[in-house]
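Take a look at the structure below.
Rule-based calculations on the coordinates, nothing more; no lab input. A quick note: this is a predicted structure, and the numbers were derived from the prediction, not measured. Here the Cβ positions follow ideal geometry from the backbone for every residue, glycine too, while neighbour counts run over all protein chains shown.
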């Protein structure tokens, strides 16, 4: 779960997204790598300058905050050694001047009344090769691309998305895969850190004869509605609205429409398959959860703590604390009671740690405020109450389950074991379950396999995943022809 829609631990500090305004004067510079000193923290950035017909554009990358290719609104130049840029919508500017002695650019980032020191050095493109996303589809496309507006009438939500179709008006009806994103507001490409896995899936499957529809979450991109007040159940009804729309499409085989969901999207696929058994013809769970959500989040937190090298004894305490917070979220009758319960829990567990760890683990007012904000939301309260077991037992269509061996957010072993136990082979005539070696939650081949590494991996999604999805859809199609 990403993500950008990622389900981070409630105890981890979520820093404010840093927006910077940048402008440059040296059009021969391609990349600048540097940092901004913000209080006691140094924010690392990469600035990319693209010169198009004599008019340079500047793009900003902040790896630790998953900011990818943020474009400045205006670029100004002064002399050959001064760089200045502005992002008007955030009322900020970023100015640098070349320092000959240190052979780098120094200056200030200014936003509002605050100014911070900044310094950047020119780097070669191969030093920032991790910024490349080679799998992103490029024109020309040898298939049909059509935009659709689909309404969830009951919710009053209009979902905007893209259908990719092998050919149109050919007299042939194609199987359709509907892609559903993971947790958090996501666009139709499920974009994170420049990776666009849903676009890549759509491109690959469509080139191989399978239609794909991907859409912006409600309240995201072109889609209407309020994302923040919606729950997983609401998102399930959105997905079903899309499915029912395409049942009457002239180029789509209504007996071959399935849902493929990533992370929370996998959970939504399961929910839809259980409730709409006659409509959902197959599902694909891409790192979708199959264990109770409280158990999932507790395990996720432990794995993330381990990557941050927390001592084992601290992990035990923090994990225990998190489980208590989950219970408070479901028990509290209003936000006032929730804040009291959360505050008491934080104060209790803070007594086990020295001052430096209290600050590190945010066992303070900052952590309390963050937890109350997260735990009081409609989505989280509903999510914490979910146990997928009941729905998984009801599924009566073909199922493909894919989990990455190195996934920190949805543990492969726990979830595969649950799917294997709960899926009924007498109902589901085709069950395919794979634990994919070396892949993380985004199905990238990884090295450290931590969440922050998502940004630094060029691969957006393993070709193995694409191939398994294609083979499964065709297997389901062939089984229906017998």
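Which whole-number percent of Cα pairs in the stretch 226-272 have a distance greater than 15 Å?
Beyond 15 Å sits 48 percent of the P(r) for the stretch 226-272.
Can you give the Kirkwood hydrodynamic radius for the stretch 259-346, in Å, rounded to one decimal and based on Cα pairs?
Hydrodynamic radius (Kirkwood, Cα only) of the stretch 259-346 equals 15.3 Å.
Mind giving me the FRET efficiency for residue 348 and residue 295? R0 is 25 Å, r the Cβ-Cβ distance, nearest 0.05 is fine.
That gives a FRET efficiency of 0.65.
Gap in Å between the Cα centre of the stretch 296-341 and the Cα centre of the stretch 429-482?
30 Å
Is the shape of the stretch 336-451 best called rounded, prolate or oblate, per the rule: a/c under 1.5 gives rounded, else a/b larger than b/c gives prolate, else oblate, with a ≥ b ≥ c the square roots of the Cα gyration tensor eigenvalues?
Oblate, since a/c reaches 1.5 and b/c is not below a/b.
So how do 149, 313, 459 line up by other beta-carbon neighbours within 10 Å, fewest first?
313, 149, 459
Which of the three applies to the stretch 294-384, rounded, prolate or oblate, going by the alpha-carbon gyration tensor with a ≥ b ≥ c and a/c under 1.5 meaning rounded?
In terms of gyration-tensor shape, oblate.
If each of residue 426 and residue 309 carries a label point 7 Å out from its Cα toward its Cβ, how far apart are those two points in nm?
5.4 nm
Give me the extension gain from residue 115 to residue 88: residue separation times 0.36 nm, minus the current Cα-Cα distance, reported in nm with one decimal.
8.1 nm
Based only on other Cβ atoms within 10 Å, what is the fewest-to-most ordering of 441, 434?
434, 441
With the crude spin-label approximation of a point 7 Å out along Cα→Cβ, what separation in nm comes out for residue 276 versus residue 316?
According to this spin-label approximation, the distance is 4.8 nm.
Calculated FRET efficiency, residue 153 and residue 376, Cβ-Cβ r, R0 25 Å, to nearest 0.05?
With R0 = 25 Å, the Cβ-Cβ based efficiency is 0.25.
Based on DSSP H runs of at least 4 residues, each adding -39500 (n - 2.57), what is the mean residue ellipticity at 222 nm of the chain after dividing by all its residues, to the nearest 500 deg cm²/dmol?
After summing the helix terms and dividing by the residues of the chain, the value is -9500 deg cm²/dmol.
Using Cβ contacts closer than 10 Å as the measure, can you line up 376, 95 from fewest to most?
With the fewest neighbours first, 376, 95 line up as 376, 95.
Taking Cα centroids, how far is the stretch 344-422 from the stretch 32-52 in Å?
So the two Cα centres are separated by 33 Å.
Rounded, prolate or oblate: which fits the stretch 269-315 when a ≥ b ≥ c are the square roots of the eigenvalues of the alpha-carbon gyration tensor, with rounded for a/c under 1.5 and prolate only if a/b beats b/c?
It comes out prolate by the Cα gyration axes.
Any idea what Rg and Dmax come out to for the stretch 418-482 if you just take the C-alpha atoms, in Å?
Just the Cα atoms of the stretch 418-482 yield Rg and Dmax of 15.5, 47 Å.
Just checking my list [x] 25.2; [y] 21.5; [z] 23.3 against mean projected area of the Cα convex hull in nm² computed from this structure; which label fits?
Read-out from the structure maps to [x].
Between residue 226 and residue 360, how many nm apart are label points set 7 Å from Cα along the C-beta direction?
Spacing of the two 7 Å Cα→Cβ label points: 4.1 nm.
I want the antiparallel fraction of DSSP beta bridges within the stretch 112-214, as a percent rounded to 5.
Around 75 percent antiparallel, to the nearest 5.
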